[in-house]
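Written out below as structure tokens is the structure these notes cover.
The values are calculated or read from the model by the stated rules, or taken from the named source; none is laboratory data. From a predicted model like this one, the values you see are computed outputs, not experimental measurements. Positions of Cβ are backbone-derived with ideal geometry, glycine not excepted, and every protein chain shown enters the neighbour counts. With ligands, DNA and RNA removed, areas are computed over all heavy atoms of the protein, side chains included. Shrake-Rupley method; radii C 1.70, N 1.55, O 1.52, S 1.80 Å.
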Amino acid sequence: MNVKIEESWREKLQEEFDKPYFEKLVTFVKNEYRTTQVLPPGNRIFYLFNVCPFNKVKVVILGQDPYPQPGLYYGVCFSVPEGVTIPGSLANMFQEIHTDLGKPIPTSGNLDRWVKQGVFSMNSVLTVRAYHTGSHQNQGWETFTDAVIKKLSDEREHLVFMLWGRYAKEKISLIDTSKHLVLTASHPSPRSADHGFFGCHHFSKANAYLRQNGLTEIDW
């Protein structure tokens, strides 16, 4: 199957695009876009991949589902467009960065500046029906994004994986911990940030690891 995605990712993932599960997933997603309101806009499903080529990835942040409210999700996990109120989880991420690194808390929740530096912030499921959290789970996206994680783990070195919350932590089995740094904590959600996310120092730890391996750190 021919999928419109940045060339380096297309080469790495073509074997997934050619599998029967992906064809079924495409059929499902296309039908959803035809019959209901789906997020993000169709041309933004692979936005993260298009902005951050395979060899540019330095840090991988894993989420679960896109924001289901229209106007929020545009293809980058945890990120929202300029001018949109910063959601609770992202506000807590900014608070931890402020505490950890002393950086001022941003007024914008748009994380494209991170993505362009190599922060690959990906949801496990890449589409969602508006107002229906989890509505596109178990349709094939998880199989695809697991393959993305494993491909990064297998073919790259010295990446930082940030796994927050139970769901993300389950992905550790896909990662070669002998050649990557895996950081785990509770989810930054307002419901759980006090149980281990605040004070995790993941952002300074990530930069220290990148520095140790001769890589440019992230300007969080």
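Observations, loosely collected:
- Check on Ile86, closer than 18 Å to Ser192 by Cβ and either among the small types (Gly, Ala, Ser) or not in a helix (DSSP H, G or I) (or both): yes
- Evaluation of Tyr209 against (1) hydroxyl-bearing (Ser, Thr, Tyr); (2) closer than 21 Å to Val57 by Cβ; (3) surrounded by fewer than 17 Cβ atoms within 10 Å (Cβ to Cβ) (one fails), failing number: (3)
- Leu126 vs. criteria in a helix (DSSP H, G or I) and open to solvent by less than 40 Å² (accessible area, probe 1.4 Å): no
- Residue pairs meeting the criteria (Cβ under 7 Å; at least 6 apart or on separate chains; first at positive phi and modelled with pLDDT of 95 or more, in the stretch 121-145; second open to solvent by less than 10 Å² (accessible area, probe 1.4 Å) and in a helix (DSSP H, G or I)): Gly140/Phe22; Gly140/Leu25
- Residue, nearest to the chain's Cα centre (by Cα), within the stretch 160-217, restricted to residues that are within 18 Å of Val115 (Cβ to Cβ) and β-branched (Val, Ile, Thr): Val160
- Top-ranked residue of the stretch 129-148 - restricted to ones that are farther than 11 Å from Val29 by Cβ and part of a loop (DSSP other than H, G, I, E, B), ranked as most open to solvent (accessible area, probe 1.4 Å): Tyr131
One line per residue, one yes/no per condition, for (1) out of contact with any Ser or Thr (no Cβ under 7 Å at 6 or more places or on another chain); (2) within 14 Å of Gly118 (Cβ to Cβ); (3) surrounded by fewer than 16 Cβ atoms within 10 Å (Cβ to Cβ); (4) basic (Lys, Arg):
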position: Phe54; (1), (2), (3), (4): no, yes, no, no
position: Tyr74; (1), (2), (3), (4): yes, no, no, no
position: Phe78; (1), (2), (3), (4): no, no, no, no
position: Glu82; (1), (2), (3), (4): no, no, yes, no
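- The listed residue being open to solvent by 10 Å² or more (accessible area, probe 1.4 Å) and in contact (Cβ under 8 Å) with a residue 24 or more places away in the chain, out of Ile45, Ile105, Ile61, Ile86: Ile45
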